[in-house]
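Each reported figure results from applying straightforward, stated rules to the coordinates on display, with no laboratory input. Predicted model only: the values in this text are computed from it and were never measured. Glycine also receives a Cβ, built like all others from the backbone with ideal geometry; neighbour counts cover every protein chain displayed.
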Amino acid sequence: MKSNKSGLFLSVIVLVTAFGCKHEFKQVDYFPNSVGYYWFYNVFDSVLNKSEPLRVSIVDNRTINGANSAVWLLSYTNRTDTFFVSQSKDTIIFNSNSFIKRIYVVPFSLNQIWNESYFSTNNSKVISIEDVTVPAGSFNDTYVIERNIRSFNYSLYEKIYFKPQIGIVKLYTKEYNLGPVQIKTWELKSFDYSNPTPL
């Protein structure tokens, strides 16, 4: 009888291990870009002097300019922006209305630099690797990227905190566009990768 109990206990351990750890070992891409992923942020706007919630969700796949692209919806309180995000080798490309809005070159490394040619000045650099705490939690080994854009009567500075397999956990932007300087900060509140459909 003793051996039967031991066998039963061992079977329970095997089942718990097999089924309980399934989510723990779930594979997520270095740069998450699958349908079903979403992120919730709190966004503060200096011009409006208020915070608002933002949901970023990947809702569909489409072919844009010949590239298989994920459709990202940025849902604010009173508007929605759409981006089409594709990957070509090591380059992540964000398009909006057939216009390239931003580029990332992955995987990131300290002091890495890349340039984008569609503005007079548009360059990005990984300036540090830091531990970052936001409402969603604490994230170690987060890549901090500075991005500078300048053209006639326009400038944009961004400081992006990116955690591999999570995405952007924090974002600071300072923008001038023929009006008051606008500062925005994003902080990640929560995210979910439970139902992905890869590209």
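Points to keep in mind about this one:
- Asp131 being over 26 Å from Ile64 (Cβ atoms) and acidic (Asp, Glu): yes
- Taken over the range 82-92, the criterion of being surrounded by fewer than 16 Cβ atoms within 10 Å (Cβ to Cβ), part of a strand (DSSP E or B) and not β-branched (Val, Ile, Thr) is satisfied by Ser88 alone.
- Checking each residue in the range 33-81 for being in a loop (DSSP other than H, G, I, E, B), closer than 26 Å to Gly179 by Cα and either among the aromatic types (Phe, Trp, Tyr) or in contact with a strand residue (DSSP E or B) (Cβ under 7 Å, 6 or more places away or on another chain) (or both) picks out Ser46, Val47, Tyr76, Thr77.
- Among the residues examined, Leu178 does not qualify as in a strand (DSSP E or B), out of contact with any Cys (no Cβ under 7 Å at 6 or more places or on another chain) and of a type in the set (A, V, I, L, M, F, W, C).
- The range 109-145, subset under 15 Å from the mean Cα position of the chain (by Cα) and under 24 Å from Ser155 (Cβ atoms), residue surrounded by the fewest Cβ atoms within 10 Å (Cβ to Cβ): Val144
- Search result, residues across the range 175-190 that are surrounded by 15 or more Cβ atoms within 10 Å (Cβ to Cβ) and either more than 15 Å from Thr133 (Cβ to Cβ) or not hydrophobic (A, V, I, L, M, F, W, C) (or both): Glu175, Gln182, Lys184, Thr185, Glu187, Lys189
- Ser194 passes every criterion in (1) within 15 Å of the chain's Cα centre (by Cα); (2) polar (S, T, N, Q); (3) not in a strand (DSSP E or B) apart from (1).
- With respect to being under 17 Å from Trp39 (Cβ atoms) and in a loop (DSSP other than H, G, I, E, B), Thr142 falls outside the description.
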